[in-house]
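Novice: I have a structure I would like to understand better, so I am pasting it below and will then ask my questions one at a time.
Rule-based calculations on the coordinates, nothing more; no lab input. Only a predicted model underlies this, so the values are computations on that prediction, with no experimental measurement involved. Counting neighbours? That spans all protein chains shown, and the Cβs are built from the backbone with ideal geometry, glycine included.
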Amino acid sequence: MFSLKKEHLKNIDYWMVLCMCALIGIGILAISSATTYSGDTEVLKMQLLFFATGIVLMLFVMAIDYHFLGEWYIPIYIAFNLLLIAVFFLGKNVNGATRWIQIGPMTIQPSEFAKIGVILCTAKLLDKYNDKINSFKSLMIVGLFHFIPFILVNRQPNLSTSLVILGILVIQLFVSKLDMKVMISTAAIAVATAGIILVYIITNPYQKIIPDYQRNRIVTKVHGGDNLDENYQTNQSVHAIGSGGLEGKGLYQGAISQLNYLPESHNDFIVAIIAEEFGFVGILIVLGIILFMIARGLWIAHSAPDDFGRFIIAGYMGMIAMQTFVNMGVVTSLLPNTGLPLPFISYGGSSLWANMMGLGLVLNVGMRKENTMF
């Protein structure tokens with residue numbers, strides 16, 4: 001189970017750890033600024049606590065040989081799906097969505113941990129069926145395996161996270177031995193189906209596919225308009241980004257963030273705070289760190305001991321890339337509000353813990369690689 005050797009410790013990719021710490025540090029500064037005016041110091045204290053406990057979780061994941069975790073992929077799969085089911089019975093309803101379970105003084109969001117579980121379990125399943133992945137039977141097994149958590153998360157409702165879970169499968173399939181013709185034809189069918197569903201949702205106000213608040217966000221984004229309820233956060237976010245200019249106004253100096261014109265800015269709209277106070281330069285630094293982390297992850301995947309390790313890294317790095325793209329799209333008003341946090345930066349224990357555990361898996365693979373990187 002626990003397998004740590006001297007050479008494993010030497011192979012830890014400290015660049016990845018440094019990137020993680022830099023992003024979390026930027027997030028803590030932004031959270032501190034976003035909550036200063038309201039005097040809510042508990043938010044900052046909790047994020048620091050989440051970081052400290054996240055380190056422990058990450059080290060725990062790193063210490064267990066990922067091959068051992070792969071052997072237990074079925075129990076792990078059952079466990080996180082049961083946790084997703086428990087949300088419907090024990091969940092805390094917030095704004096019409098039941099995504100959280102209250103445990104003592106804090107809440108956890110099982111769907112965040114489900115993403116990491118999906119990455120690990122799908123990686124093992126693809127490793128098992130990689131040589132025959134082009135058969136209809138193998139594709140159906142992998143697809144059905146993924147379908148259950150996708151539906152459970154989507155019914156919370158949490159459309160954005162369920163789409164990320166679907167995206168993880170697509171990315172892991174891309175690095176498998178799946179024939180490119182099969183992949184392109186499947187992708188074309190999926191895009192066409194999604195387009196038809198989207199048109200139906202937009203044109204039919206009585207549709208039951210997604211909740212009304214999600215439909216309103218999509219319709220507002222497609223048709224435009226000045227719906228204050230739907231556009232308020234996004235409009236304030238765009239104003240904050242624009243007012244920051246090139247170099248920003250300085251830490252604790254942003255008017256929109258300090259005067260609380262952007263509610264709950266420390267969550268999904270944390271980028272707006274960074275842009276207002278650190279400017280376009282600050283955003284470039286954040287994106288640069290994330291891109292370097294993704295590139296570094298791909299380098300680790302290149303020297304991974306096996307396909308299982310490569311599938312894990314591809315899924316995790318794909319998840320980070322997707323969430324970053326969507327979050328940036330939301331705060332700049334290019335995409336409808338989805339509720340996806342920015343990895344390592346947005347406030348939230350479940351998100352931070354899951355991301356750190358996922359990074360622990362990536363480092364786990366890298367520690368057991370066949371050759372040493374620079």
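Novice: For region 83-127, build the convex hull from the C-alpha positions and give me its volume per residue in Å³.
Specialist: In region 83-127, the Cα hull volume divided by residue count equals 77 Å³.
Novice: Hey, another quick one. When only Cα pairs under 8 Å and 6 or more residues apart are kept, what is the percent relative contact order across region 41-187?
Specialist: 21 percent
Novice: Here is a further query. Per residue, how big is the convex hull around the C-alpha atoms of the chain? Give it to me in cubic angstrom, could you?
Specialist: Output value, Cα hull per residue: 145 Å³.
Novice: Using only the Cα atoms, work out Rg/Rh for region 268-330, with Rh taken as the Kirkwood radius, to two decimals.
Specialist: So for region 268-330, dividing Rg by the Kirkwood Rh gives 1.10.
Novice: So, one more: Expressed in nm², what is the orientationally averaged projection area of the convex hull enclosing the Cα positions of region 267-374?
Specialist: Values: hull surface 29.0 nm².
With the hull built on Cα positions only, its mean projection is 7.2 nm².
Novice: Which value, in debye to the nearest 20, describes the size of the charge dipole of the chain about its Cα centre when Lys and Arg Cβ atoms bear +1, Asp and Glu Cβ atoms bear -1, and nothing else is charged?
Specialist: 840 debye
Novice: Moving on. Name the long-range amide H neighbours of GLY248: under 5 Å, sequence gap of 5 or more, or other chain; modelled H, no Pro or chain starts.
Specialist: GLY279, PHE280
Novice: With each run of n ≥ 4 DSSP H residues scored as -39500 (n - 2.57), what mean residue ellipticity at 222 nm is computed for the chain after dividing by its residue count and rounding to the nearest 500 deg cm²/dmol?
Specialist: -24000 deg cm²/dmol
Novice: Next question. For the chain, set up a Gaussian network in which alpha carbons nearer than 10 Å are linked by springs, and say which option among LEU363, LEU126, LEU334 fluctuates the most.
Specialist: LEU334
Novice: On to the next question. What whole-number distance in Å separates the alpha-carbon centres of region 34-108 and region 303-334?
Specialist: Region 34-108 and region 303-334 have Cα centres spaced 19 Å from each other.
Novice: Output the relative contact order of the chain, whole-number percent, from Cα pairs under 8 angstrom with separation of 6+ residues. Mind showing how you got there, number by number?
Specialist: Numbers: 519 pairs, mean separation 107.6, N = 374.
Contact order relative to length: 29 percent.
Novice: If you don't mind, there's one more thing I want to ask. Between the alpha-carbon centers of region 120-140 and region 179-204, tell me the distance in whole angstrom.
Specialist: Their Cα centres are 22 Å away from one another.
Novice: Under the rule that an exposed site lies in a DSSP loop and has at most 16 other Cβ atoms within 10 Å, name the longest stretch of the chain with no trypsin sites (Lys or Arg not before Pro) of that kind, not counting the sites themselves. Present the calculation step by step, with values, prior to reporting the outcome.
Specialist: Numbers: sites that count: LYS5, ARG155, LYS177, LYS208.
With a cap of 16 other Cβ atoms within 10 Å, the longest stretch comes to 209-374.
Novice: Now for a separate question. Count charges around SER265 for me, please; just the other residues with Cβ under 15 Å from its Cβ, Lys/Arg as +1, Asp/Glu as -1.
Specialist: Here the count lands on -4.
Novice: Quick one: order THR338, THR98, THR161, THR193 by neighbouring beta-carbon count within 10 Å, fewest to most.
Specialist: Ordered from fewest to most neighbouring Cβ atoms within 10 Å, THR338, THR98, THR161, THR193 come out as THR193, THR98, THR338, THR161.
Novice: Still on this structure, please answer the following. Using Cβ counts within 10 Å as a stand-in for footprinting exposure, how do PHE269, PHE51 rank, fewest first?
Specialist: Ascending number of Cβ neighbours within 10 Å: PHE51, PHE269.
Novice: Could I ask something else about it? Given R₀ = 51 Å, FRET efficiency for VAL199-LEU259 by Cβ-Cβ distance, to 0.05? Mind showing how you got there, number by number?
Specialist: Working: r = 41 Å, r/R0 = 0.79.
In this case the efficiency is close to 0.80.
Novice: Taking the beta-carbon count within 10 Å as an exposure proxy, list HIS8, HIS302 from fewest neighbours to most.
Specialist: Lowest to highest Cβ neighbour count: HIS302, HIS8.
Novice: Past 24 Å, Cα to Cα: identify those pairs from LYS45/LYS115; LYS177/LYS369; LYS128/LYS181, in the order given.
Specialist: With Cα atoms farther than 24 Å apart: LYS45/LYS115.
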